[in-house]
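Student: The structure's right below; bear with me while I get my questions together.
The values are calculated or read from the model by the stated rules, or taken from the named source; none is laboratory data. On a predicted model such as this, the values are computed, not experimentally measured, just so you know. Methodologically, a virtual Cβ is constructed for each residue, glycine included, from the backbone with ideal geometry; neighbour enumeration extends over all protein chains shown. To get the accessible areas, we keep the full protein, side chains included, count just its heavy atoms, and leave off ligands, DNA and RNA. Shrake-Rupley method; radii C 1.70, N 1.55, O 1.52, S 1.80 Å.
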Amino acid sequence: MKVVLFCGGEGTRLRDYSETIPKPMVTVGSRPVIWHVMKYYAHFGHTDFILCLGHGAQAIKSYFLHYEEETSNDFVLRRGGSEKVLLNTDIDDWSITFVDTGAKSPIGERLRLVASYLDGEEVFLANYADGLTDLDLDEYVEAFVATGMAASMLVVRPPQSYHVAHFGSDLQVTGMSPIGESDLWINGGYFVFRKEIFDYIEQGEDLLQEPFDRLVEKGQLRAHPYTGFWAPMDTFKDKRYLDGLVDSGDPPWRVWGPPR
């Protein structure tokens, strides 16, 4: 099953970290966050990726064109360093299609522009390439396929760093509670689509606006609630949190094996 990754946005909320590095290339531990997302999908057998490029496209291309397997794999060095033998690899079985979808294109337009690369795919996966989870992907896909709907989105509880204020008509605050304990669910950025999704997207549209409104109107959008681990990387604070989980030695999203 092919995986479409939206990695062309500017990541404005991470500009306090870097003005030049595109958001998917911001590191979590020793690897960029997009690598962690791709390793997650590869663990479940999905190794055919389509990258929707835009802002910072050259940095993403260069990273994979000059990929260093030694960073996260064991190897043997011989002949004074002139010979290198990898003992295992990350991306040897991956297929990565790099597609320029425009520096300013909204997500729906980026998806529409890669439709031709999805010919023959009845069902495919899509992701913002900036959120990490330990979700059982096989279970998620199976539940969606059984519905016959056109689209599914992972929905999660908002991060606990925010609190909900409760107040009456007189504006007197009657209480505060962590937002994660509210009835709110937000888009978690992990999608499963049937090919019919392209019937709902018109030129220049964002994915979550008009296309999803049309899906809702037709009863074709399924929510997949998940209360396990999920974390975004939207801000430098998020990066520090994820780096801390890597430093702990057991980051929960690393479903593919022990840390390196």
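Student: Spot the failing condition for Ala59; the list is (1) modelled with pLDDT under 85; (2) in a helix (DSSP H, G or I), and only one is missed.
Tutor: Checking Ala59 against (1) modelled with pLDDT under 85; (2) in a helix (DSSP H, G or I), the one that fails is (1).
Student: Restricting to region 146-185, count the residues that are surrounded by fewer than 17 Cβ atoms within 10 Å (Cβ to Cβ), hydrophobic (A, V, I, L, M, F, W, C) and in contact (Cβ under 8 Å) with a residue 40 or more places away in the chain.
Tutor: 1
Student: List the number of the failed condition for Phe236; all other conditions in (1) open to solvent by 50 Å² or more (accessible area, probe 1.4 Å); (2) in contact (Cβ under 8 Å) with a residue 24 or more places away in the chain; (3) closer than 26 Å to Met1 by Cα hold.
Tutor: (3)
Student: Enumerate the strands (runs of 3 or more DSSP E) found wholly within region 138-183, keeping only those where 1 or more residues are farther than 30 Å from Ile197 by Cα and not hydrophobic (A, V, I, L, M, F, W, C). Steps first, please.
Tutor: Numbers: elements: 151-156, 163-167, 173-178.
Because the criterion is at least 1 residues that are farther than 30 Å from Ile197 by Cα and not hydrophobic (A, V, I, L, M, F, W, C), the strands (runs of 3 or more DSSP E) in region 138-183 that meet it are 163-167, 173-178.
Student: Right, something else. For region 186-216, enumerate the residues that are farther than 18 Å from Phe144 by Cα, in a helix (DSSP H, G or I) and open to solvent by 50 Å² or more (accessible area, probe 1.4 Å).
Tutor: Matches in region 186-216: Asp199, Glu210, Asp213, Arg214.
Student: When you look at Val255, is it surrounded by 13 or more Cβ atoms within 10 Å (Cβ to Cβ), touching a residue at least 40 places away in the same chain (Cβ under 8 Å) and assigned to a helix (DSSP H, G or I), yes or no? Even if it seems obvious, please write down each step before you answer.
Tutor: Numbers: surrounded by 13 or more Cβ atoms within 10 Å (Cβ to Cβ): yes; touching a residue at least 40 places away in the same chain (Cβ under 8 Å): yes; assigned to a helix (DSSP H, G or I): no.
For Val255, the condition - surrounded by 13 or more Cβ atoms within 10 Å (Cβ to Cβ), touching a residue at least 40 places away in the same chain (Cβ under 8 Å) and assigned to a helix (DSSP H, G or I) - is not met.
Student: Return the residues of region 34-77 that are within 19 Å of Asp100 (Cβ to Cβ), open to solvent by less than 40 Å² (accessible area, probe 1.4 Å) and of a type in the set (Lys, Arg); say none if nothing qualifies.
Tutor: Those that are within 19 Å of Asp100 (Cβ to Cβ), open to solvent by less than 40 Å² (accessible area, probe 1.4 Å) and of a type in the set (Lys, Arg): none in region 34-77.
Student: Hey, another quick one. Please verify whether Glu142 is free of Cβ contacts under 8 Å to residues at least 60 places away in the same chain and under 30 Å from Arg240 (Cβ atoms), treating the condition exactly as stated. Don't jump to the end; show me each part of the working.
Tutor: Numbers: free of Cβ contacts under 8 Å to residues at least 60 places away in the same chain: yes; under 30 Å from Arg240 (Cβ atoms): no.
Against the criterion (free of Cβ contacts under 8 Å to residues at least 60 places away in the same chain and under 30 Å from Arg240 (Cβ atoms)), Glu142 does not qualify.
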